[in-house]
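The values are calculated or read from the model by the stated rules, or taken from the named source; none is laboratory data. As the structure is a prediction and not an experimental result, all values here were calculated from the model. Every residue, glycine as well, gets a Cβ built from its backbone with ideal geometry; the counts of neighbours run over all protein chains shown. When the accessible area is computed, the model is the full protein with side chains, heavy atoms only, and any ligands, DNA or RNA have been set aside. Shrake-Rupley method; radii C 1.70, N 1.55, O 1.52, S 1.80 Å.
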Amino acid sequence: MRGQTLDDEILLRIEKPSRYTGNEVNSVMKDPDKVDIRFAMCFPDVYEIGMSHLGMQILYHMFNSREDTWCERVFSPWTDLDQILRREKIPLFALESQDPIKIFDFLGITIQYEMCYTNILQILDLSQIPLYAKDRGAGDPLVIGGGPCVLNPEPLAPFFDLFYIGEGEVSYPALLDTYAAMKRQGRSREEFLYAAAQIPGIYVPAFYDASYGKDGLLESFAPDRPGVPEKVVRQVVADLDQAAYPKAPVVPNIKATQDRVTLEIQRGCIRGCRFCQAGMIYRPARGKNVELLKQQAREMLESTGHEEISLSSLSSSDYPQLRELLDFLLEEFKTAAVNISLPSLRIDSFSLEVMSRIQDVKKSSLTFAPEAGSQRLRDVINKGLTRETILEGAREAFLGGWNRVKLYFMLGLPTECPEDVRGIAHLAQDIAGTYYEIPKEQRQGKVQVTVSTSFFVPKPFTPFQWAPMASPEEYLERVALLREEVRGQVNHKSIRYNWHEADVAALEGFLARGDRRAAKVLARAYELGAMYDAWTEHFRQELWTQAFQDTGMDITQYTQRRRDVGELLPWDFIDAGVERSFLEREWARADQGTVTPNCRQSCQGCGAARYKGGVCVESKS
C-alpha cells in the first residue's frame, strides 16, 4: 500500500504540502513489480510551474502508455522542504509512488531555462545521486536531459549521462526499447550508453572530447570511439496529428501557474525573428488538423473539469484554421462557461476580432511585442512589424473597448543605438496618443500603456549566435536613458515602465553559450548556496561573482565578445535542422537591415524542408 514519505509533522511545517503528496486526478499508478522501466520525470522548479509545462504532460502520457514503463513526476522542493530533507537525510522522492528517485532507472530532466541550472544540481544532490556522471555506477539512475536548453548542453555535460536532442515523441520509444532489452540481458551501464549514442538524437557527453587552444577558444570537439556520430541530429515530429498527446492531463492539487487545459494547435513559427531560438529550432511550422483539435479539446475538458482552455502556439494568429476552431469552442462549450485563452497573437485586425470574441465586456489588457523602438532596429531583428501596423492595431483595440496595453521590448539588440532606445518611449507615447484621438464617447476611461524591457541574450542556432551582449553597466545606462525619455513624453502619466535585472541576463548569456568549462562555475555557485536563481527574491549575484573568482573564469569572454563566423562553437556538433549557411546569411542580412519574408511568402532554404512536414510541404500538396 502506498504511503507518504513526509510524515504529518513535516507536512505541517512546510508551505503548500500538497506540492509533495501526489494523488492528483489523472495521475498514473502502476505496480512497480510489473514494469521493466521506472522513469522519474523532473521539472527543476517548484511544482506549480512544472505542472504548467505541456512537454512534461506529453511525455508523462506517452511513457505511461507503455505497459513496461511507469513514469512518475518530481519537482524541485521549495526552500523550506529543501532544508528539512538535507537535515534529516530524507532522499528526494517521486509523487506517485513516494519512492526515492535514486532507485529509478532514469531521471529525466526537462531544461527550459538557464537560470534553473542550479536547481538541477539540487535535484541530484537531494536524490543522493552523484553530481557528476563519471562518479555514477550500476545502481544509479541514468540522468537524461531534454528541452530547448540542450541545444547547447555543454555547461551541463559533466552532470548528465545522456541528452535527448529534439522532440521526444520521435526517438524515446527506441531508447526505452533498447534499455529494456539490455536490462533483461544484464548488460552494463557503459554498454547501454554506447548503444544509446547510436540512436538518432541521443548525445552521450562522456563519448566526446573537447580541447582548447592557447587563446582559450574551443579548438576541437569529436567523438572518442568508433560508432559514435560526429553530429547529433535534432529529432522533429513531421506530422503532429500522429504524435502522442494526453487525453487526461494530470490536474494539479493546488493552483498552478497555468491552471487550465493546454491545447497545442501548432508547433514552430513562420516568422523568422532573428533573436528567437524557438522560432528557429522548432522549424518547420506544423499545424494540427482542426478536427483532431476539436476532439482533443472535448476529451481534455471532460477528463479534467478545467474551466479554461489555452490554445498553445508560438504565433496563434498564423494557424490557418483558427477561426473555425474558435467557432467550435465558443459554440460547444458556451453552456459550460469555458474561458478561452489565446496567447501569442499578432497586432492585426484579425487578432483583435478574435480577442473581442473570447473576452468578456470587461476587457483585460492586450499584449503586443514590438521588441524594438525604431523601424530600423525592427528590420534588423526581422520582426516584420511597421510603426503604422502597430498604431493601427492599437487604434482598433481602443475602438474595440480596450484601454490597457502591454508592450514588450528588448534592450541591447545588435546595432542598437541611443535613438533606438528613445524610440521605445516615442512609440509608447504615440500609442497613448492614438487613444486620445478617438472620440471621447468611445473611450473606456484613461489609457494605461505598460512598457517592459528585457535584455537581449544571444542564443545558439539563431542568426545572432555570434553577437556580443552589452555589459550589465551598459544595459543599466540604456534603462536610465529610456526612463528619462518616458518622463519627457506628453502622456508620460499614462506610461508605466518596468525592466528586468541586468546581472541575471548576463548570467543567462554565459550559461546559454558556454562550453564544458562553464560547469565548474555552476558547480561552485551551487556549493556556495545558489538555487532558485530564476526567482528574483532568491537570486544572489554575490554567490556567482565568488564562483567566477574561485574558478578563474571570465564571464565577459562568453558574453561580451563578438564571435567570428568561422569559430568553432560549443554546440556545432548538433545538427538542429537549420543550416549554418542560412544562419550566416541571416546574420549578414541583419547587419544590412534587410527583412526576410516569412515561410509562407517564400522559402529561404533554411534546411527544415528535410523533415518533409508542415509549411515546407503545404505549397506542394
**Study point:** Residue-normalised accessible area of segment 1-69, given per residue in Å² at a 1.4 Å probe
**Key:** 46 Å²
Review point. Cα centroid distance between segment 361-419 and segment 319-341, in Å?
Key: 27 Å
Practice item. Could you please put ARG2, ARG184, ARG19 in sequence from largest to smallest accessible area, using a 1.4 Å probe? Key: ARG184, ARG2, ARG19
Study note, to complete from the structure: Probe 1.4 Å, all chains present, heavy atoms only: TRP535 accessible area in Å², nearest 10, is 60 Å²
**Study point:** Debye intensity ratio in log₁₀ form over the Cα atoms of segment 455-572, taken at each q of 0.13, 0.15, 0.16, 0.22 Å⁻¹
**Key:** -0.61, -0.76, -0.84, -1.25
Point to revise | Estimated FRET transfer efficiency (ASP177, ARG496; beta-carbon r; R0 45 Å; 0.05) | key: 0.25
Review point. Under the Karplus relation 6.51 cos²θ - 1.76 cosθ + 1.60, θ = phi - 60°, what is the ordered set of whole-Hz ³J(HN,Hα) values for segment 133-140, x standing for Gly and Pro?
Key: 4, 5, 9, 8, x, 4, x, 9
Check your understanding: Once both axes come from the Cα atoms, what is the angle between helix 580-592 and the longest principal axis of the chain, in degrees from 0 to 90, rounded to 10?
Key -> 30 degrees
Exercise for review: Tell me, for the chain, which Cys residues have no other cysteine's C-beta sitting closer than 4.7 Å.
Suggested key: CYS42, CYS71, CYS116, CYS149, CYS269, CYS417, CYS599, CYS603, CYS606, CYS616
**Study point:** Charge dipole (debye, nearest 20) of the chain; +1 at Cβ of Lys and Arg, -1 at Cβ of Asp and Glu
**Key:** 980 debye
Check your understanding: Once all Cα-Cα distances of the chain are split into 10 Å bins that start at 0, what whole-number percent is in each one?
Key -> 3, 15, 25, 28, 20, 7, 1, 0
Review point. What percentage of the solvent-accessible surface of the chain, computed with a 1.4 Å probe over protein heavy atoms, is contributed by carbon and sulfur atoms?
Key: 49 percent
Check your understanding: Using the Karplus equation 6.51 cos²θ - 1.76 cosθ + 1.60 (θ = phi - 60°), what ³J(HN,Hα) coupling, rounded to whole Hz, does each residue of segment 276-286 give in order, writing x for Gly and Pro?
Key -> 8, 5, 4, x, 8, 7, 9, 6, x, 5, 9
Exercise for review: Please give the length that would be gained between ARG387 and GLU9 if that part of the chain were fully extended, namely 0.36 nm times their separation in residues minus their C-alpha to C-alpha distance (nm, one decimal).
Suggested key: 130.1 nm
Point to revise | Distant-in-sequence amide H partners of VAL25 (H built 1.01 Å from N, under 5 Å) | key: VAL251
Check your understanding: Within the P(r) computed for segment 143-221, what percentage of the Cα pairs occupies the region above 14 Å?
Key -> 65 percent
Check your understanding: So how tilted is helix 387-399 from the main axis of the chain? Cα-based, degrees 0 to 90, rounded to 10.
Key -> 80 degrees
Revision key, fill the gap. Expressed per residue, the solvent accessible area of segment 438-543 in Å² (1.4 Å probe) is about 44 Å²
**Study point:** Reciprocal of mean inverse Cα separation for segment 264-311 (Kirkwood radius, Å)
**Key:** 12.4 Å
**Study point:** Within the chain, percent of DSSP bridges classed antiparallel, to nearest 5
**Key:** 20 percent
Review point. D for segment 365-428, whole µm²/s, Stokes-Einstein with Kirkwood Rh over alpha-carbon pairs at 20 °C and 1.002 mPa s: what number?
Key: 177 µm²/s
Check your understanding: So what are the ³J(HN,Hα) numbers for segment 547-554, from phi and the Karplus equation (6.51, -1.76, 1.60; θ = phi - 60°), rounded to whole Hz, Gly and Pro as x?
Key -> 5, 5, 5, 5, 9, x, 9, 10
Point to revise | Restraint check, LYS383/LYS493; LYS134/LYS214; LYS16/LYS89; LYS34/LYS89; LYS134/LYS520; LYS30/LYS89, Cα-Cα greater than 18 Å | key: LYS383/LYS493; LYS134/LYS214; LYS16/LYS89; LYS34/LYS89; LYS30/LYS89
Study note, to complete from the structure: The answer for PHE93, listing residues at least 5 apart or on another chain whose modeled amide H is closer than 5 Å to its amide H, is ILE101
Practice item. Determine the per residue accessible area of segment 158-243 with all protein chains present and a 1.4 angstrom probe, expressed in square angstrom. Key: 44 Å²
Review point. VAL233's amide H: which non-local residues (gap 5+, or another chain) put their own amide H closer than 5 Å, with H modeled 1.01 Å from N in plane and none for Pro or chain starts?
Key: GLY201, ASP575
Check your understanding: What does the helix-only formula give at 222 nm for the chain: each DSSP H stretch with n ≥ 4 adding -39500 (n - 2.57), the total divided by the residues, and the result rounded to the nearest 500 deg cm²/dmol?
Key -> -10000 deg cm²/dmol
Point to revise | Average Cα contact separation per residue, segment 463-601, under 8 Å, 6 or more apart, as relative contact order % | key: 33 percent
Check your understanding: Which value, in Å² and to the nearest 10, is the accessible area of GLU190 when all protein chains are kept and the probe is 1.4 Å?
Key -> 100 Å²
Review point. With contacts defined as alpha carbon pairs under 8 Å and 6 or more residues apart, what's the relative contact order of the chain in percent?
Key: 14 percent
Study note, to complete from the structure: So, relative contact order of segment 413-538 in percent, Cα under 8 Å, 6 or more apart, is 32 percent
Revision key, fill the gap. Heads up, segment 235-284 by the C-alpha gyration tensor (a ≥ b ≥ c square roots of eigenvalues; a/c under 1.5 rounded, else a/b over b/c prolate, else oblate) looks oblate
Exercise for review: Round to the nearest 10 and give me the degree value, 0 to 90, for the angle of helix 322-332's Cα axis relative to the longest principal axis of the chain.
Suggested key: 80 degrees
Study note, to complete from the structure: What one gets for segment 75-191 as the Kirkwood radius, inverse of mean 1/r over different Cα pairs in Å, is 15.2 Å
Study note, to complete from the structure: In segment 127-266 the DSSP beta bridges are antiparallel at a rate, in percent to nearest 5, of 70 percent
Check your understanding: What is the magnitude of the charge dipole of segment 177-220 about its Cα centre, with +1 placed on the Cβ of each Lys and Arg, -1 on the Cβ of each Asp and Glu, and no other charges, expressed in debye to the nearest 20?
Key -> 300 debye
Exercise for review: Normalise the Debye intensity by I(0) for segment 65-143, one equal point scatterer per Cα, no solvent, then take log10 at q = 0.24 Å⁻¹ and round to two decimals.
Suggested key: -1.30
